[in-house]
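First comes the structure, then the notes that go with it.
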Amino acid sequence: MTGNTTRQSIVDSIRGFSLLGILLSNMLIFQYGILGKERLDLFGASSFDDGMLIFMKIAVEGSFMPIFTFLFGYGLFKMFDGLEVKRLKPRRVLTRRFIMLIGLGLLHSIFVWEGDILLFYGVMGFFLMLFLKRKEKTVLTWGIVILSLCVLLGIIFSGSDLATIKTDPAKTEQTITHSIPIYSEGTYLEIKDYRNSGSGLEDDDELGQVLILLLTLFLTLPMFLFGIYAAKKNWFLSPEQKRKSYLKGALFFLLAGYVGKSVPFIWPDFIKSSYELNTATSFFTLSYVVSFGCILALGYLLAAAWLLSHIKAIPMASRFAAVGKLSLTNYLLQSIICTSLFYGYGLGLFGKLGIAGGIGVALLVYLVQLFASVLYLKRFKIGPVEWLLRIWTYWSWNGKPKTNVVQTTDLKT
């Protein structure tokens with residue numbers, strides 16, 4: 001196995017692994033809705049479900065999407081670099097790719113599910129192009145400075161009403177209660193209209209929401225930049241020679257991430273937890289939660305790289321890689337399958353299975369994808385959605401980039 005093949009296999013495997021965590025995290029929204037997952041008492045949840053929710057918030061929620069974000073930055077630079085080698089005007093090609101992601105994201109969020117990330121990635125891609133030709137140290141510095149600045153601003157404005165979204169518990173409860181029969185019994189059109197009307201979200205304190213949204217965007221940016229930095233430094237090239245570095249990094253970030261994410265539950269007075277909707281969501285709360293989610297994500301990512309550096313000893317690695325190669329198709333399929341299971345136009349299981357049951361469903365869906373992805377790739381080289389994206393990106397019916405490299409043998413000396 002060549003170094004490049006090994007590197008790509010590890011990246012695909014980590015991407016496939018992150019899709020499991022994303023599905024587990026999204027399962028809370030599929031089951032209870034964006035607001036409902038914070039008020040399990042309205043669904044008659046048991047104390048066991050409350051304990052499982054804490055486990056999910058510490059170990060899963062907010063710590064797998066950043067892996068996907070990191071890999072988006074990583075893949076973006078590798079694609080940009082490859083396009084430059086082929087002399088294919090990379091910025092023009094990437095612009096088409098981002099436009100397609102925005103389009104897919106809009107379709108996904110309007111017609112399938114509100115928890116879309118593709119539109120966000122497409123928009124962020126335009127901003128990330130500013131960093132693709134910067135030096136490694138510059139990219140890393142920007143990532144660290146932005147993350148530190150967001151945390152610092154969170155601390156500075158932690159007591160400010162301007163930097164706080166104050167929610168009305170009674171209104172929140174009414175919104176969640178109203179949504180339960182719609183999602184569990186409604187038709188496809190009823191659910192789509194309700195979702196797209198924005199009825200499932202709070203609409204008061206608009207200024208606070210805008211500020212929190214902007215902070216969220218800046219808090220996600222460092223993981224994109226760390227991915228670009230990793231690609232420039234070839235983190236996953238010759239992984240067997242970097243096992244010690246992977247392991248040391250994994251242990252440090254895992255410990256720091258678990259401790260940091262546990263603090264709101266062990267020492268609730270330290271931070272007004274955003275996990276409770278009857279409190280204010282502040283800059284400090286958001287920056288704290290997102291930052292430690294990213295730290296734990298780096299721990300998971302490096303731990304996966306360490307395990308996969310022993311790739312010959314891990315039989316399932318190829319299956320994770322297959323899921324990763326079809327990541328876009330599998331991500332969209334997860335939304336289609338889960339909304340069909342939990343919403344009224346499908347099995348109508350919304351709010352009925354409990355968190356442990358939802359985890360079981362997620363594992364079953366992902367297990368099917370593990371085996372189906374391998375079978376699919378035995379017959380086809382690329383997923384259907386990935387194929388459409390490549391056709392649009394490269395402006396080519398075969399989905400392959402053209403090569404404009406001038407051969408040195410054709411040049412006159």
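The values are calculated or read from the model by the stated rules, or taken from the named source; none is laboratory data. Fair warning: this is a prediction, and the values are worked out from it, not measured in the lab. Glycine gets a Cβ as well: all are built from the backbone with ideal geometry, and neighbour counts include every protein chain shown.
Contact map, the stretch 279-292: residues that are within 14 Å of GLY62 (Cβ to Cβ) and modelled with pLDDT of 75 or more paired with residues that are polar (S, T, N, Q) and not in a loop (DSSP other than H, G, I, E, B), Cβ distance under 9 Å, separation 6+ or inter-chain. Pairs shown: VAL290/THR216; VAL290/THR220. Taking the listed residues ALA250, ALA231, the one that is of a type in the set (Gly, Ala, Ser), at pLDDT 95 or above, farther than 21 Å from TYR121 by Cα and buried (at least 18 other Cβ atoms within 10 Å of the Cβ) is ALA250, with no other qualifying. Scanning the stretch 58-73 for residues that are assigned to a helix (DSSP H, G or I) and buried (at least 24 other Cβ atoms within 10 Å of the Cβ), which turns out farthest from the chain's Cα centre (by Cα)? Checking each candidate, the answer is GLY73.
Looking at the structure I just gave you, is MET79 crowded, with 18+ Cβ neighbours inside 10 Å, more than 15 Å from the chain's Cα centre (by Cα) and farther than 30 Å from GLU240 by Cβ?
When the stated conditions are applied, MET79 does not pass them.
Here LEU19, LEU101, LEU94 are screened, and the one residue that is within 20 Å of PHE292 (Cα to Cα) and assigned to a helix (DSSP H, G or I) is LEU19. Would you check if there is a residue in the stretch 92-101 being touching a Gly at 6+ places or on another chain (Cβ under 8 Å) and of a type in the set (Val, Ile, Thr)? Within the stretch 92-101 (the criterion being touching a Gly at 6+ places or on another chain (Cβ under 8 Å) and of a type in the set (Val, Ile, Thr)), the answer is yes, since at least one residue qualifies. Checking each residue in the stretch 26-37 for being crowded, with 20+ Cβ neighbours inside 10 Å and either assigned to a helix (DSSP H, G or I) or free of Cβ contacts under 8 Å to residues at least 12 places away in the same chain (or both) picks out ASN26, MET27, LEU28, PHE30, GLN31, TYR32, GLY36, LYS37. Consider HIS108 against the criteria (1) in contact with an Asp or Glu (Cβ under 6 Å, 6 or more places away or on another chain); (2) of a type outside the set (S, T, N, Q); (3) surrounded by fewer than 16 Cβ atoms within 10 Å (Cβ to Cβ): it satisfies all of them except one. Which criterion is unmet? That leaves (3) as the condition not met.
The set of residues from the stretch 236-255 being part of a loop (DSSP other than H, G, I, E, B) and hydroxyl-bearing (Ser, Thr, Tyr) comprises just one member, SER238. For the stretch 125-140, a residue qualifies if it is under 15 Å from THR220 (Cα atoms) and surrounded by fewer than 20 Cβ atoms within 10 Å (Cβ to Cβ), and the qualifying residues are PHE126, PHE127, LEU140. Close Cβ contacts (under 8 Å, 6 or more residues apart or on different chains) running from residues in the stretch 79-105 that are modelled with pLDDT under 95 to residues that are surrounded by fewer than 15 Cβ atoms within 10 Å (Cβ to Cβ) and charged (D, E, K, R) comprise LEU83/LYS89; LYS86/LYS402; LEU88/LYS402; PRO90/GLU84.
The set of residues in the stretch 155-177 that are assigned to a helix (DSSP H, G or I) and either modelled with pLDDT of 60 or more or out of contact with any Leu (no Cβ under 8 Å at 6 or more places or on another chain) (or both) comprises ILE155, ILE156, ASP161, PRO169, ALA170, LYS171, THR172, GLU173, GLN174, THR175, ILE176, THR177.
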